[in-house]
Amino acid sequence: MAVAQSDTVLLDVKGLVKHFPVRKGSFRRVKAAVKAVDGIDLFIREGETLGLVGESGCGKTTAGRSILRLVEPTKGEIVFRSRRMAGGTAGEARLVDVVKASRSELKALRRDMQIIFQDPYSSLNPRMTVGGIVGEPLLVHRIARGEERKKRVQDVLGAVGLKPEHMKRYPHEFSGGQRQRIGIARALVLDPQLVVCDEPVSALDVSIQAQVLNLLEDLQREFGLTYLFVAHNLSVVKHISSRVAVMYLGRIVELASTERLFADPKHPYTEALVSAVPVPDPDYSVDRIILQGDVPSPVSPPPGCHFHPRCRYAVDVCAKDAPLYRDLGNEHFVACHRADELHLQPIHDQTSGQPGGAAA
């Protein structure tokens, strides 16, 4: 795991909603809405990594971008404990609702909240040198110019495993893994508190994925970072995360510590995801759970529990009433009517050969 965690909550999200309007007709009137994020609650403590997982299209990336207000939330509350606010000084801790922040306050918050994008190719400006890309935030926030800016860029490039001479090169001269290191350097140059990692290794080769994951853990220890790690690869999430939140069709259906979630899943959707994790053991067989049907449309999600049309444990109440998102104890949250009575399949521990446990 990454760094020693604090009990201080850095980010507290309540009732976050992001709906994209669907317009039709000659007058482009709003006829419906894509419910990408449909009321999620989560919190992240200082120094921890919260993994956010789910199938493609479940709203993970939209949730991460809404938290940073890269897309405007429809409604909800996002309380961030910022060290910097407009008029404030570094080191202060002030609670601010990101949704209500003014333009000047949001600019100050950008120094504390950064993102690493999924695609290391399209996220870098091909017309700018590496030095220009990494150093641009220092100019935007009027932090450093000239030799001081050059020195800070060199320092952060060194921290991600690149050399000073790389400053004068362009993105097309680097491999995918090196480009992602440039993206990480750009996110870290402002010395942020929270970094949203939007599937930062999904576009990379497996061997490079391991290098980048180890780099992220090293940087977390060195700079005291807090991560929201968005991914669909449960093996990756299991390796790097302190806690894991599982999303389905715009809602969080389960959230728990990594060890507890993999050893004792309480939601049928989590069980299905866990059963799909490859196990590098030819003598171990696992009952794969094949979900029936397709993911419903986020424009018109099913009533009640969104997962009930594909759930093998569904009963009548699942199709009628949305389950409460509740704490089962030890901060194990779940939204399932039958969570107390179901005994679901844990994941195979790839290191010990036993169910449950966290990956090395």
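The values are calculated or read from the model by the stated rules, or taken from the named source; none is laboratory data. Predicted, not measured: the structure shown is a model, and the values here were computed from it. Cβ coordinates were reconstructed from backbone atoms using ideal geometry, including for glycine residues, and neighbour counts include every protein chain displayed.
Here are a few things to note about the model shown:
- Considered as a group, the residues in the range 6-32 that are of a type outside the set (Val, Ile, Thr) and in contact with a Phe, Trp or Tyr (Cβ under 8 Å, 6 or more places away or on another chain) include one that is farthest from residue 251 (Cα to Cα), and that residue is 10.
- Residue within the range 186-205 that is modelled with pLDDT under 95, more than 18 Å from the chain's Cα centre (by Cα) and more than 25 Å from residue 109 (Cβ to Cβ) present: yes
- Some residue of the range 16-26 being in contact with a Ser or Thr (Cβ under 6 Å, 6 or more places away or on another chain) and more than 19 Å from residue 198 (Cα to Cα): yes
- When the range 231-250 is limited to residues that are out of contact with any Cys (no Cβ under 9 Å at 6 or more places or on another chain) and of a type outside the set (A, V, I, L, M), the one that is surrounded by the most Cβ atoms within 10 Å (Cβ to Cβ) turns out to be 241.
- Failed condition for residue 282, given (1) without any contact (Cβ under 8 Å) to a residue 12 or more places away in the chain; (2) within 17 Å of residue 235 (Cα to Cα): (2)
Every residue, every condition in (1) crowded, with 16+ Cβ neighbours inside 10 Å; (2) assigned to a helix (DSSP H, G or I); (3) modelled with pLDDT under 95; (4) within 18 Å of the chain's Cα centre (by Cα), yes or no:
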{"site": "58", "(1), (2), (3), (4)": "yes, no, yes, yes"}
{"site": "65", "(1), (2), (3), (4)": "yes, yes, no, yes"}
{"site": "78", "(1), (2), (3), (4)": "yes, no, no, yes"}
{"site": "87", "(1), (2), (3), (4)": "no, no, yes, no"}
{"site": "95", "(1), (2), (3), (4)": "no, no, yes, no"}
{"site": "107", "(1), (2), (3), (4)": "no, yes, yes, no"}
{"site": "114", "(1), (2), (3), (4)": "yes, no, no, yes"}
{"site": "135", "(1), (2), (3), (4)": "yes, yes, no, no"}
{"site": "138", "(1), (2), (3), (4)": "yes, yes, no, no"}
